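A.B. asks: Could you have a look at this structure, given as C-alpha coordinates, before my questions?
The values are calculated or read from the model by the stated rules, or taken from the named source; none is laboratory data. Since this is a predicted model, take the numbers as computed values, not measurements. Backbone-built Cβ (ideal geometry, glycine too); neighbour counts: all protein chains shown.
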Amino acid sequence: VFMSTLAAFARTAEGQMKRRRRASWFEELFGFDEDERGYEQTRASFTLTKDLFLECATSPHPCMYVGPFSTPSVAELRQRVASLPTTPVLVGQQLAFRHLADPSGIVPHFKDAANAGAVFLAASQFNALEMVGPSVTPREGVTCYQHDPTQGPKCALACPAGTVFRNYLSQDGQGQGDRQIDCLASVASVVGNGTGAYWRMQNGYSLPSSPQSISKLAQKFAEAPELIPA
(Lines give C-alpha, C1' and ligand atoms only; values in the text may rest on other atoms or scores of the structure.)
Protein backbone atom coordinates (compact mmCIF):
# COMPACT_ATOMS: atom_id res chain seq x y z
CA VAL A 1 0.00 0.00 0.00
CA PHE A 2 2.82 2.34 0.92
CA MET A 3 4.61 1.77 -2.41
CA SER A 4 1.39 2.29 -4.37
CA THR A 5 0.73 5.53 -2.53
CA LEU A 6 4.30 6.68 -3.11
CA ALA A 7 4.08 5.88 -6.83
CA ALA A 8 0.79 7.76 -7.12
CA PHE A 9 2.32 10.75 -5.35
CA ALA A 10 5.32 10.69 -7.69
CA ARG A 11 3.05 10.63 -10.76
CA THR A 12 1.01 13.53 -9.40
CA ALA A 13 4.13 15.56 -8.62
CA GLU A 14 5.53 14.86 -12.08
CA GLY A 15 2.30 15.99 -13.70
CA GLN A 16 2.28 19.19 -11.67
CA MET A 17 5.88 19.91 -12.59
CA LYS A 18 5.09 19.45 -16.28
CA ARG A 19 2.15 21.82 -16.01
CA ARG A 20 4.29 24.40 -14.24
CA ARG A 21 7.14 24.05 -16.70
CA ARG A 22 7.39 27.11 -18.85
CA ALA A 23 7.25 26.33 -22.54
CA SER A 24 10.44 27.07 -24.47
CA TRP A 25 10.49 29.59 -27.30
CA PHE A 26 10.47 26.66 -29.73
CA GLU A 27 7.38 25.10 -28.20
CA GLU A 28 5.55 28.43 -28.09
CA LEU A 29 6.37 29.12 -31.73
CA PHE A 30 5.95 25.68 -33.28
CA GLY A 31 3.54 23.95 -30.92
CA PHE A 32 5.66 20.99 -29.78
CA ASP A 33 8.69 20.15 -27.66
CA GLU A 34 11.75 19.72 -29.85
CA ASP A 35 13.55 17.52 -27.32
CA GLU A 36 10.63 15.10 -26.98
CA ARG A 37 10.30 14.50 -30.73
CA GLY A 38 13.97 14.07 -31.51
CA TYR A 39 15.82 15.08 -34.66
CA GLU A 40 14.14 13.00 -37.37
CA GLN A 41 10.59 13.55 -36.14
CA THR A 42 11.20 17.26 -35.68
CA ARG A 43 12.61 17.53 -39.20
CA ALA A 44 9.54 15.73 -40.56
CA SER A 45 7.35 18.34 -38.86
CA PHE A 46 8.59 21.07 -41.20
CA THR A 47 8.21 21.67 -44.91
CA LEU A 48 9.91 24.26 -47.10
CA THR A 49 7.73 25.56 -49.94
CA LYS A 50 9.05 26.53 -53.35
CA ASP A 51 8.54 30.16 -52.32
CA LEU A 52 10.93 29.58 -49.39
CA PHE A 53 8.32 29.59 -46.64
CA LEU A 54 8.63 27.25 -43.66
CA GLU A 55 5.39 25.40 -42.94
CA CYS A 56 4.54 23.70 -39.64
CA ALA A 57 1.04 22.34 -39.05
CA THR A 58 1.23 22.61 -35.25
CA SER A 59 2.41 26.21 -35.18
CA PRO A 60 0.07 29.13 -34.43
CA HIS A 61 2.01 30.80 -37.25
CA PRO A 62 1.97 27.92 -39.75
CA CYS A 63 3.81 29.79 -42.52
CA MET A 64 7.02 31.78 -41.92
CA TYR A 65 9.41 33.20 -44.49
CA VAL A 66 12.90 31.70 -44.58
CA GLY A 67 14.40 33.37 -47.63
CA PRO A 68 17.33 32.17 -49.75
CA PHE A 69 20.33 30.48 -48.17
CA SER A 70 23.72 29.90 -49.78
CA THR A 71 27.38 29.57 -48.85
CA PRO A 72 29.23 31.34 -51.69
CA SER A 73 32.99 31.52 -51.88
CA VAL A 74 34.82 34.85 -51.83
CA ALA A 75 35.40 34.49 -55.58
CA GLU A 76 31.67 33.99 -56.18
CA LEU A 77 30.86 37.05 -54.08
CA ARG A 78 33.33 39.11 -56.10
CA GLN A 79 31.67 37.95 -59.31
CA ARG A 80 28.27 38.96 -57.98
CA VAL A 81 29.52 42.41 -57.01
CA ALA A 82 31.17 42.85 -60.39
CA SER A 83 27.90 42.04 -62.15
CA LEU A 84 25.90 44.64 -60.21
CA PRO A 85 24.76 47.76 -62.08
CA THR A 86 27.09 50.71 -61.72
CA THR A 87 24.19 53.06 -60.99
CA PRO A 88 23.10 52.87 -57.33
CA VAL A 89 19.74 51.19 -56.93
CA LEU A 90 18.73 53.49 -54.10
CA VAL A 91 19.25 56.92 -55.60
CA GLY A 92 19.75 59.58 -52.97
CA GLN A 93 20.16 57.07 -50.15
CA GLN A 94 23.28 55.89 -48.39
CA LEU A 95 24.25 52.81 -46.47
CA ALA A 96 25.11 53.28 -42.82
CA PHE A 97 27.15 50.81 -40.78
CA ARG A 98 27.45 50.47 -37.02
CA HIS A 99 29.58 48.11 -34.96
CA LEU A 100 27.73 46.69 -31.95
CA ALA A 101 30.46 45.52 -29.60
CA ASP A 102 28.25 44.52 -26.66
CA PRO A 103 27.94 40.72 -26.94
CA SER A 104 24.46 40.62 -25.43
CA GLY A 105 23.01 44.04 -26.20
CA ILE A 106 21.62 43.28 -29.66
CA VAL A 107 17.99 42.60 -28.73
CA PRO A 108 16.95 46.25 -28.15
CA HIS A 109 18.13 47.02 -31.68
CA PHE A 110 15.85 44.30 -33.06
CA LYS A 111 12.89 45.88 -31.30
CA ASP A 112 13.68 49.44 -32.38
CA ALA A 113 11.24 50.46 -35.14
CA ALA A 114 13.90 52.80 -36.52
CA ASN A 115 15.87 49.71 -37.58
CA ALA A 116 13.11 48.30 -39.79
CA GLY A 117 14.75 46.89 -42.90
CA ALA A 118 18.20 46.77 -41.31
CA VAL A 119 20.54 43.82 -41.75
CA PHE A 120 22.25 42.44 -38.64
CA LEU A 121 25.49 40.57 -39.34
CA ALA A 122 26.71 38.21 -36.63
CA ALA A 123 29.34 35.50 -36.55
CA SER A 124 28.31 31.85 -36.41
CA GLN A 125 30.12 28.54 -36.47
CA PHE A 126 31.39 27.22 -39.78
CA ASN A 127 28.28 25.03 -40.08
CA ALA A 128 26.06 28.15 -40.15
CA LEU A 129 24.63 27.22 -36.75
CA GLU A 130 25.11 28.42 -33.18
CA MET A 131 26.45 25.48 -31.22
CA VAL A 132 27.18 26.62 -27.66
CA GLY A 133 30.33 24.48 -27.67
CA PRO A 134 32.21 22.01 -29.90
CA SER A 135 30.66 19.05 -28.08
CA VAL A 136 27.09 20.10 -28.97
CA THR A 137 25.70 18.63 -32.19
CA PRO A 138 22.88 19.79 -34.50
CA ARG A 139 20.92 16.73 -33.37
CA GLU A 140 20.49 18.42 -30.02
CA GLY A 141 18.31 21.01 -31.71
CA VAL A 142 18.02 24.76 -31.50
CA THR A 143 15.91 25.23 -28.36
CA CYS A 144 19.14 25.46 -26.36
CA TYR A 145 20.05 28.71 -28.14
CA GLN A 146 17.97 30.52 -25.54
CA HIS A 147 20.61 29.76 -22.90
CA ASP A 148 23.45 31.44 -24.84
CA PRO A 149 23.56 35.23 -24.25
CA THR A 150 25.96 36.06 -27.10
CA GLN A 151 25.03 37.90 -30.29
CA GLY A 152 24.96 34.93 -32.68
CA PRO A 153 22.22 32.96 -30.90
CA LYS A 154 20.28 36.17 -30.25
CA CYS A 155 20.28 36.91 -33.99
CA ALA A 156 19.32 33.29 -34.73
CA LEU A 157 16.35 33.50 -32.36
CA ALA A 158 15.22 36.72 -34.03
CA CYS A 159 14.92 34.75 -37.30
CA PRO A 160 13.61 31.38 -36.07
CA ALA A 161 12.40 30.10 -39.43
CA GLY A 162 15.86 30.46 -40.95
CA THR A 163 17.42 28.88 -37.88
CA VAL A 164 15.15 25.84 -38.13
CA PHE A 165 15.86 25.59 -41.86
CA ARG A 166 19.64 25.58 -41.43
CA ASN A 167 19.48 22.92 -38.73
CA TYR A 168 16.78 20.65 -40.17
CA LEU A 169 16.17 21.33 -43.88
CA SER A 170 19.39 22.63 -45.43
CA GLN A 171 21.42 20.46 -47.81
CA ASP A 172 18.45 19.45 -49.95
CA GLY A 173 16.16 18.82 -47.01
CA GLN A 174 18.51 16.48 -45.17
CA GLY A 175 19.56 18.96 -42.51
CA GLN A 176 22.77 18.63 -40.54
CA GLY A 177 22.02 15.63 -38.34
CA ASP A 178 24.46 13.31 -40.11
CA ARG A 179 26.48 15.57 -42.43
CA GLN A 180 27.26 19.15 -41.51
CA ILE A 181 27.94 22.21 -43.62
CA ASP A 182 31.63 23.10 -43.65
CA CYS A 183 32.26 26.65 -44.81
CA LEU A 184 36.01 26.06 -44.61
CA ALA A 185 35.97 23.06 -46.95
CA SER A 186 37.28 24.98 -49.97
CA VAL A 187 39.98 26.63 -47.85
CA ALA A 188 40.98 23.23 -46.51
CA SER A 189 41.34 21.98 -50.07
CA VAL A 190 43.58 24.88 -51.08
CA VAL A 191 45.94 24.68 -48.11
CA GLY A 192 46.04 20.88 -47.94
CA ASN A 193 44.09 20.27 -44.77
CA GLY A 194 42.42 17.16 -46.14
CA THR A 195 43.96 14.96 -43.46
CA GLY A 196 43.49 17.51 -40.70
CA ALA A 197 47.07 18.71 -40.83
CA TYR A 198 46.19 22.15 -39.49
CA TRP A 199 42.71 22.01 -38.02
CA ARG A 200 39.83 19.64 -37.45
CA MET A 201 36.19 20.61 -37.73
CA GLN A 202 33.96 19.64 -34.81
CA ASN A 203 30.33 20.74 -34.87
CA GLY A 204 31.15 23.97 -36.65
CA TYR A 205 34.23 24.78 -34.59
CA SER A 206 37.63 24.89 -36.30
CA LEU A 207 40.00 23.45 -33.70
CA PRO A 208 43.81 23.31 -34.05
CA SER A 209 45.05 19.80 -34.76
CA SER A 210 48.02 20.37 -32.47
CA PRO A 211 49.54 23.23 -30.45
CA GLN A 212 51.84 24.00 -33.39
CA SER A 213 49.45 23.44 -36.31
CA ILE A 214 48.25 27.03 -36.74
CA SER A 215 51.83 28.31 -36.60
CA LYS A 216 52.67 25.84 -39.36
CA LEU A 217 49.74 27.13 -41.39
CA ALA A 218 50.94 30.71 -40.94
CA GLN A 219 54.40 29.61 -42.09
CA LYS A 220 52.86 28.00 -45.17
CA PHE A 221 51.11 31.26 -46.05
CA ALA A 222 54.38 33.14 -45.58
CA GLU A 223 56.19 30.75 -47.92
CA ALA A 224 53.35 30.69 -50.49
CA PRO A 225 51.62 34.11 -50.39
CA GLU A 226 49.74 33.26 -53.58
CA LEU A 227 47.49 31.06 -51.44
CA ILE A 228 46.03 34.06 -49.62
CA PRO A 229 44.04 35.56 -52.54
CA ALA A 230 42.75 32.07 -53.38
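A.B. asks: Are any residues in the range 200-230 in a helix (DSSP H, G or I) and small (Gly, Ala, Ser), and if so, which ones?
C.D. replies: So the first thing to find is which residues in the range 200-230 are in a helix (DSSP H, G or I), and the list is 213-223, 225-227.
Answer for the range 200-230, where residues must be in a helix (DSSP H, G or I) and small (Gly, Ala, Ser): 213, 215, 218, 222.
A.B. asks: Is it true that residue 58 is modelled with pLDDT of 95 or more, in a loop (DSSP other than H, G, I, E, B) and touching a Gly at 6+ places or on another chain (Cβ under 9 Å)? First the steps, then the outcome.
C.D. replies: Numbers: modelled with pLDDT of 95 or more: yes; in a loop (DSSP other than H, G, I, E, B): yes; touching a Gly at 6+ places or on another chain (Cβ under 9 Å): yes.
Considered against the rule, which asks whether it is modelled with pLDDT of 95 or more, in a loop (DSSP other than H, G, I, E, B) and touching a Gly at 6+ places or on another chain (Cβ under 9 Å), residue 58 comes out as yes.
A.B. asks: Of the residues that make up the range 123-140, is at least one at pLDDT below 90 and farther than 29 Å from residue 36 by Cβ? Working first, answer last.
C.D. replies: Step one: filter the range 123-140 for residues at pLDDT below 90, giving 123-124, 132.
Okay, now just the ones that are also farther than 29 Å from residue 36 by Cβ, so 123.
Yes, the range 123-140 contains at least one residue that is at pLDDT below 90 and farther than 29 Å from residue 36 by Cβ.
A.B. asks: Answer yes if at least one residue in the range 208-218 is of a type in the set (D, E, K, R), more than 20 Å from residue 54 (Cα to Cα) and touching a helix residue (DSSP H, G or I) at 6+ places or on another chain (Cβ under 7 Å), and no otherwise. So that I can check it myself, show each step before the final result.
C.D. replies: Going residue by residue through the range 208-218, those that are of a type in the set (D, E, K, R) are 216.
From what is left, the residues that are more than 20 Å from residue 54 (Cα to Cα) are 216.
Imposing the further condition that a residue be touching a helix residue (DSSP H, G or I) at 6+ places or on another chain (Cβ under 7 Å) reduces the set to none.
Checked against the condition, which is being of a type in the set (D, E, K, R), more than 20 Å from residue 54 (Cα to Cα) and touching a helix residue (DSSP H, G or I) at 6+ places or on another chain (Cβ under 7 Å), the range 208-218 yields no hits at all.
A.B. asks: Among the residues that make up the range 115-123, is at least one of them assigned to a helix (DSSP H, G or I) and surrounded by 12 or more Cβ atoms within 10 Å (Cβ to Cβ)?
C.D. replies: Of the residues in the range 115-123, the ones assigned to a helix (DSSP H, G or I) are 115.
With the extra rule that they be surrounded by 12 or more Cβ atoms within 10 Å (Cβ to Cβ), the set shrinks to 115.
Yes - at least one qualifying residue is present in the range 115-123.
A.B. asks: Counting only residues that are within 30 Å of residue 139 (Cβ to Cβ) and touching a Gly at 6+ places or on another chain (Cβ under 9 Å), how many does the range 199-230 have?
C.D. replies: Residues meeting the conditions: 4.
A.B. asks: Moving to a separate point now. Give the number of residues within the range 172-199 that are free of Cβ contacts under 8 Å to residues at least 12 places away in the same chain, of a type outside the set (Gly, Ala, Ser) and not in a loop (DSSP other than H, G, I, E, B).
C.D. replies: Residues meeting the conditions: 2.
A.B. asks: For the range 48-61, what are the residues that are closer than 22 Å to residue 144 by Cα and loosely packed, with under 14 Cβ neighbours inside 10 Å? Steps first, please.
C.D. replies: Filtering the range 48-61 for residues closer than 22 Å to residue 144 by Cα gives 54-56, 58-61.
Correct list: 58, 60, 61.
A.B. asks: Quick one: which residue in 169, 121 is in contact (Cβ under 8 Å) with a residue 40 or more places away in the chain and of a type in the set (A, V, I, L, M)? Walk me through it before giving the result.
C.D. replies: Values: 121 fails: in contact (Cβ under 8 Å) with a residue 40 or more places away in the chain.
Only one candidate passes the filter, namely 169.
One line per residue, one yes/no per condition, for (1) farther than 30 Å from residue 31 by Cβ; (2) loosely packed, with under 15 Cβ neighbours inside 10 Å:
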| residue | (1), (2) |
| --- | --- |
| 129 | no, no |
| 142 | no, no |
| 145 | no, no |
| 154 | no, no |
| 163 | no, no |
| 182 | yes, no |
| 194 | yes, yes |
| 204 | no, no |
| 207 | yes, yes |
